[in-house]
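Data first, discussion second: the structure below is written as structure tokens.
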Amino acid sequence: MQPEKSNLAQLFRQIYSIRFADTEALRQSSFKLRHDVYCDEKGWEKISDSGLEVDCHDLQAAHCLIQHRQTGEFVGTVRLVEGGHSKDLPCVTHLKQQGVLTADSDQLFSASTGELSRLAIPACYRGGLGQGIVSNDQPAGLNNLLILAGLVLASLAIAELKYLENVLILGETRVRRVLERHGLAIEPVSETIELNGVRRLHCLKMNQFNANFSPEIQGFYQWIKGYLEGIVPSGSCSFSTSSEPRLIRV
């Protein structure tokens, strides 16, 4: 029997749990999972003797994990890097290196902007991105999309709880297609760059990102936000409609 989409949050809760990495042990688990995917599997980053993949942005980021309930295995991780610190957001560094920034793009990288990055899902849980959210004959696609949706929605819930205005994602073209397919209002704000494949910077505006959510996705998001509400420290900014993202051109 095929699961109903309206039970998406319930289905996720039966298999997985969200873990906000508010302890050193959980952060280490996040860094280890990133090393497994980014270094050992994909070869995008150098292998570290520590078995942890870390960088200078981790101290200004909120980290989340997804844990498989039955085995206790961590099956996905993501971070939300907050702007307004002494260091640029990760995407700024990459765009600067390839000359894809202009003076009028500075507003994208203010204290009210965050970046969703270092999303990592092990190979055994990936696959089937083109399938529907719930498909009884596509278990790999179902697993992947439950984990992917959980990670993305958790990042956005943290952004909302911290009163951020924009969330940036430097991702492949298919990322935008997948997110739009499930109701996320996302728009490109840069030219394409080469970074482990062809990528483009995209922006989610927090005052309208969920305007096209279906009831099942909205319910899933509200459950995740409710869980994180008592855990994530809130920010001090306020939403505004004035931060319209501009296209970044060479």
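Rundown of residues vs (1) among the aromatic types (Phe, Trp, Tyr); (2) at pLDDT 80 or above; (3) closer than 26 Å to residue 193 by Cβ; (4) over 15 Å from the mean Cα position of the chain (by Cα), yes/no style:
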position: 100; (1), (2), (3), (4): no, no, yes, yes
position: 112; (1), (2), (3), (4): no, yes, yes, yes
position: 118; (1), (2), (3), (4): no, yes, yes, no
position: 144; (1), (2), (3), (4): no, no, yes, no
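Figure legend. Inter-residue proximity from region 63-77: first residues more than 17 Å from residue 11 (Cα to Cα) and modelled with pLDDT of 95 or more, second residues in a loop (DSSP other than H, G, I, E, B) and not aliphatic (A, V, I, L, M), beta-carbon distance below 7 Å, spacing 6+ or different chains. No pairs are indicated.
The residue of region 34-77 that is surrounded by the most Cβ atoms within 10 Å (Cβ to Cβ), among those that are of a type in the set (A, V, I, L, M) and out of contact with any Leu (no Cβ under 7 Å at 6 or more places or on another chain), is 75. So which of 165, 216, 160, 194 ends up being surrounded by fewer than 19 Cβ atoms within 10 Å (Cβ to Cβ) and either charged (D, E, K, R) or within 15 Å of the chain's Cα centre (by Cα) (or both)? Exactly one of 165, 216, 160, 194 is surrounded by fewer than 19 Cβ atoms within 10 Å (Cβ to Cβ) and either charged (D, E, K, R) or within 15 Å of the chain's Cα centre (by Cα) (or both), namely 194. Scanning region 171-198 for residues that are free of Cβ contacts under 8 Å to residues at least 60 places away in the same chain, under 24 Å from residue 38 (Cα atoms) and charged (D, E, K, R) yields 172, 174, 176, 177.
The values are calculated or read from the model by the stated rules, or taken from the named source; none is laboratory data. Note that the structure is a prediction, hence the values are computed from the model and not measured. Here the Cβ is made from the backbone with ideal geometry for all residues, glycine too, and neighbour counts use every protein chain on show.
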